[in-house]
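Shown next, in structure tokens, is the structure this report addresses.
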Amino acid sequence: MRIKLLVCQILLALILAGCGGVAEKTTTRPMSAGQYDQKLEKQITVKLDYLLFLPEGYGQKEKKWPLILFLHGAGERGDNLARVKEYGPISFAEKQKDFPFIVIAPLCPKRQTWLSKTRDLKALLDEIKAKYTVDKQRIYLTGLSMGGFGTWELACDYPEEFAAIVPVYGGGQAWRARMLKHVPVWAFHGDKDKLVSIERSREMVNAVNARGGNAKLTIDHNAKHIGCTKTHNNKEIYEWFLSHKK
């Protein structure tokens, strides 16, 4: 199936240039690029570029589709939208024959982090839910490294949105773990990670469970921080997502 690129405003030249070198590897699923640009309040404007992956059969079947919101790491920040598919669910989905999720992958601007973008991410998520046939009982959240921190933060800010989350090589604020009592968590971390200590994930998982939640931690043995980029190639993650609904 050919890839469709729907590009908003002045991003046309940038996105075509950024994605051109990747197109030969992505021949199985429709994809679009977009920009969310809305004024939420009088002095508050949200602007996020993103890639949107649609599963095969989307639009041809009268059904609602589960959705994954993916938050990339710090190394992919900037203005090159193609970089958000270097790792994570979109990269994995393009190699599969039947990947049953919509995937939304926003781009974090330079010198910013997801921790300061949770309101923006919620606004983008609301926009996608309104425009596409999303199963609102099966919305999932995952991210790696900086995106792992963002996953913990966004889920704590809006726990009612997510059926399950997978934070990868990240960390959060343990005192907020009470917010995730009803959100299943599967965290991943490498025991040789010197950039972000595994204790950051362990602390959050223990805090969620101590408050009556359902969280588990998978340790990638002998894995340094770079090991986080391989995590989303695990099919069991997506099966686990589908086993949970709100």
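Label-to-label distance, Lys110 versus Leu242, with points set 7 angstrom from Cα along the beta-carbon direction: 4.1 nm. Under the simplified labelling scheme, the Lys235-Glu56 pair shows an inter-label distance of 1.4 nm, with each label point 7 Å from Cα along Cα→Cβ.
Suppose R0 equals 22 Å. What FRET efficiency, 1/(1 + (r/R0)^6) with r the Cβ-Cβ distance, do Lys136 and His182 give to the nearest 0.05? Write down the numbers at each step before the final one.
On the way: r = 16 Å, r/R0 = 0.71.
Efficiency for this residue pair is about 0.90.
The separation of the range 65-94 from the range 131-197, counted between C-alpha centres, amounts to 15 Å.
Packing-wise, with mean Cβ within 10 Å as the measure, how do 206-217, 149-160 rank, highest first? Spell out each step's value before the answer.
Details: 206-217: 16.6, 149-160: 21.8.
Final packing ranking: 149-160, 206-217.
Remark: the range 183-246 carries a charge dipole of roughly 140 debye about the Cα centre, counting +1 on each Lys and Arg Cβ and -1 on each Asp and Glu Cβ. Distance between the pseudo-spin-label points of Lys63 and Ile226 (7 Å out from Cα toward the beta carbon): 3.9 nm.
Bear in mind that the values in this text are calculations on the coordinates, not laboratory data. Quick caveat: nothing in here was measured; it's all calculated off a predicted structure. Reconstructed Cβ throughout: ideal geometry from the backbone, glycine too, with neighbour counts over all protein chains shown.
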